[in-house]
Amino acid sequence: MEKFRKLFSAVDMTVGRPWEKILIFTFPMLLGNLAQQLYNTVDSVVVGKYVGDNALAAVGSATPIFNLLIVLFVGISTGATIMVSQFYGARKREELSVTIGNCITLTGIASIFIMIAATLGARPLLELLGTPSSIIDWCTSYLQILFIGIAGLAYYNILCGILRGLGDAVSALFYLMVASFLNIVLDLIFVAKLNMGVSGVAYATAIAQGVSAILCFRKLMKMSDMFDFGVKYFKLQSGIYDNVIRLGLPSGITQGILSMSMLLSQSLTNTFGELFIAANVVIMRVDGFAMLPNMSFGTAMTTYAGQNIGAGDHKRVSEGAKQGTMIGIITSTCITLVILFFGKYLMGFFTDTVELVNVGMTMLRILAVGYIAVGVTQCLSGIMRGAGDTMTPMWISIVQTVVLRVPLAYLFVHLSKTPENPLGDPKCMFYSLVTSWLIGAALTVIFYRRGKWREKAVLKK
């Protein structure tokens, strides 16, 4: 029983071998991210199998808009992780308590704003992007249902950010596994049994996310040995909430830029018709799983750097950066090999359309080599964020997506146009993506080695 309790306790990353602590923290978080990825993946599988390829395209077309409109939560979550990890590393109980309470209040305010604004703006955005008339109604209903239930997703992500800052990745994993199982069951009931279509998977996702948020909240209430959880800490305090926003806003902007680039790319994708839209959905689902280890290592490195910066051990931060990045590169290489050899079978889970699978596999082979570059970017960016430098990764992301990815996609497609193929070659969209990944990794290495992020290592109060 004692070992079981220890499994669900916080991990102190300021002691022990760096690579071991990073792996111990990353593994449950990776499983948690895998479970979270299952939300949209199961939605895609169910609608693809029980409703059809157009419904699959509808869910995929709605996803970039959903991601764009939840950037506020990404920012709060990142800011929470950085501040909580540094205060925890410095053993400052009062500041830790106020930070957690303020993050909960900020999330509530942001949830109300997004619920109203995004629900009303979903269809106009879809129309602006030229979403095909055959799927726009499905896209709209899917988005509106998710945004009405946005509080569940919001609180799960922010509370997970707090738990990660405290070094607890296992609890969030367990709760999310429960919610993922519930999501799968509800998907099958709402779609396969009750024939609710795309709306059914949206209801299932919203309900499951709400359950995971409630479970995380209960866990925090039981961690009174680490911080105080009282009503007075929910009152917004200057110096706390503004630091959360200051540290988290660049990450939110980064996510927003990424989502915006996906929207602009989606507009180009829509010109190739429903088959390619559906193929792109399947590609992005497989890509989402391939990216999970990279994202997990990046988040683990943020917590690792934050705790050790709080403890004042800068040498240990550098050691962990080297060891964690090497582990990330090895993991990304393995993922690349899996995609190259088994990608076709992975795509077969989403659709029985042979042509769709063949198109998707061609694109995945182009993307595969880029995953190693993304692994480097995520690990080193995580270190910089954990130290308090969230601006540098943001600017690199802006260059990678705004300056490179989207313009190159339109340029490559334009240059590939011929009289026989007036729309251009859709593979060019993925060539541009890999190019931006490689340049982004090179820039991240350069700025990490310059070491300016160390100057922002002390959290300003």
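Some points to look at:
- Extension reserve of the LEU415-MET115 stretch, reckoned as 0.36 nm per residue once the Cα distance is removed: 103.9 nm
- Distance-filtered residues of the stretch 216-236 - backbone nitrogen under 15 Å, label point 7 angstrom along ARG93 Cα→Cβ: 223-230
- Evaluating 6.51 cos²θ - 1.76 cosθ + 1.60 at θ = phi - 60° for every residue in the stretch 435-451, the Karplus couplings come out as 4, 5, 4, 5, 5, x, 5, 4, 5, 4, 4, 4, 6, 5, 5, 5, x Hz, glycine and proline recorded as x.
- Förster-model FRET efficiency, 56 Å R0, GLU20 and SER133, C-beta, rounded to 0.05: 0.55
- Average silhouette area of the stretch 291-407, convex hull of alpha-carbon atoms, in square nanometres: 8.3 nm²
- Reachable aspartates and glutamates from LYS235, criterion Cα separation under 15 angstrom, eight or more residues apart if same chain: GLU94, GLU95
- Scattering profile of the stretch 308-366 at q = 0.14, 0.18, 0.22, 0.25 Å⁻¹ [log10 I(q)/I(0), Debye over alpha-carbon scatterers]: -0.56, -0.68, -0.83, -0.95
- Extending 7 Å from Cα along the Cβ direction at PHE181 and again at SER199 yields two label points whose distance is 3.0 nm.
- Here the stretch 78-190 is treated as a Stokes sphere of Kirkwood radius computed over C-alpha pairs; at 37 °C and 0.692 mPa s its diffusion coefficient rounds to 200 µm²/s.
- Nearest-10 value in Å² for the accessible area of LEU408, using the 1.4 Å probe: 30 Å²
- Tail fraction, Cα-Cα pairs, the stretch 181-300, threshold 17 Å, whole percent: 78 percent
- Per-residue Karplus couplings for the stretch 342-349, computed as 6.51 cos²θ - 1.76 cosθ + 1.60 with θ equal to phi - 60°, are listed in order as 10, x, 4, 6, 4, 5, x, 5 Hz, Gly and Pro entered as x.
- Angstrom value of the Kirkwood radius, inverse mean 1/r, which spans all Cα pairs in the stretch 169-239: 14.2 Å
- Cα gyration tensor of the stretch 228-369 - equivalent ellipsoid semi-axes, whole Å, descending: 38, 23, 13
- Backbone phi angles across the stretch 402-419, fed through the Karplus curve with coefficients 6.51, -1.76 and 1.60 (θ = phi - 60°), yield HN-Hα couplings of 6, 7, 10, 4, 5, x, 5, 4, 5, 5, 4, 5, 4, 5, 8, 5, 9, x Hz in residue order; Gly and Pro are listed as x.
- Placing a pseudo-label 7 Å from each Cα along the Cα-to-Cβ vector at ASP228 and THR105 gives an inter-label distance of 1.5 nm.
- Equivalent-ellipsoid semi-axes for the stretch 142-197 (Cα gyration tensor, √(5λ), whole Å, largest first): 27, 15, 5.
- Spacing of the modelled spin labels on ARG449 and TRP395, each 7 Å from Cα toward Cβ, amounts to 1.8 nm.
- Residue pairs, from the table LYS219/LYS452; LYS92/LYS315; LYS92/LYS222; LYS219/LYS322, whose Cα atoms sit over 26 Å apart: LYS219/LYS452; LYS219/LYS322
- Fraction in percent of alpha-carbon pairs per bin - 10 Å, the stretch 383-452: 20, 38, 23, 13, 5, 0
- Coordinate range along principal axes, alpha carbons of the stretch 117-252, Å, largest first: 53, 34, 23
- Helical runs (DSSP H, four residues minimum) scored at -39500 (n - 2.57) apiece and divided by the length of the chain put the mean residue ellipticity at 222 nm at -27000 deg cm²/dmol.
- Normalised by residue count, the chain yields a Cα convex hull volume of 133 Å³ per residue.
The values are calculated or read from the model by the stated rules, or taken from the named source; none is laboratory data. Owing to the predicted nature of the structure, the values given are computational and were not obtained by experimental measurement. Virtual Cβ from ideal backbone geometry, glycine too; neighbours counted across all protein chains shown. Note: accessible area is taken over every heavy atom of the protein model, side chains too, but ligands, DNA and RNA are not part of it. Shrake-Rupley method; radii C 1.70, N 1.55, O 1.52, S 1.80 Å.
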